[in-house]
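Trainee: Quick one: structure below, then a few questions.
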Amino acid sequence: MVRRSFEEFKFLQERALELSSQYAGQYVAFVGQEIAGSGQTAQEAYEKAKQKYPHREPVLKYFPPTEAVLVL
């Protein structure tokens, strides 16, 4: 399990900017180095991942909405 968690952590670290903009405001479920499901709720992302990988336990991550910054 520790090895698997490290795999997801490394994947998230390497693609953090891309994923945070692509999945802003969503929960994402990872299995290994693959996005296995996403949704507006953790339950939705988890269920999609379990359908795809019924014998694996996904790691969930929430990406907060990006905020626009107005520079005056």
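The values are calculated or read from the model by the stated rules, or taken from the named source; none is laboratory data. Only a predicted model underlies this, so the values are computations on that prediction, with no experimental measurement involved. Because the Cβ atoms are built from the backbone with ideal geometry, glycine has one as well, and the counts that use them run over all protein chains shown. Note: accessible area is taken over every heavy atom of the protein model, side chains too, but ligands, DNA and RNA are not part of it. Shrake-Rupley method; radii C 1.70, N 1.55, O 1.52, S 1.80 Å.
Trainee: Within segment 2-45, which residues are in a loop (DSSP other than H, G, I, E, B), closer than 20 Å to T66 by Cβ and in contact (Cβ under 8 Å) with a residue 24 or more places away in the chain? If you could, list the steps in order and put the result at the bottom.
Mentor: Taking segment 2-45 first, the residues in a loop (DSSP other than H, G, I, E, B) are 15, 23-25, 32-33, 40-41.
Restricting the remaining residues to those that are closer than 20 Å to T66 by Cβ gives 15, 23-25, 40-41.
If the condition is that a residue be in a loop (DSSP other than H, G, I, E, B), closer than 20 Å to T66 by Cβ and in contact (Cβ under 8 Å) with a residue 24 or more places away in the chain, then Y23, A24, G25 are the ones that fit.
Trainee: Now, a different point. Within segment 46-72, restricting attention to residues that are of a type in the set (A, V, I, L, M), without any contact (Cβ under 8 Å) to a residue 40 or more places away in the chain and within 17 Å of S5 (Cβ to Cβ), which residue is surrounded by the fewest Cβ atoms within 10 Å (Cβ to Cβ)?
Mentor: Ranking the candidates gives L60 first.
Trainee: Another question, then. Which of the numbered conditions does L12 fail, given that it passes all the others? Conditions: (1) open to solvent by 100 Å² or more (accessible area, probe 1.4 Å); (2) among the aliphatic types (A, V, I, L, M); (3) in contact with a helix residue (DSSP H, G or I) (Cβ under 8 Å, 6 or more places away or on another chain).
Mentor: Looking at each condition in turn, L12 falls short on (1).
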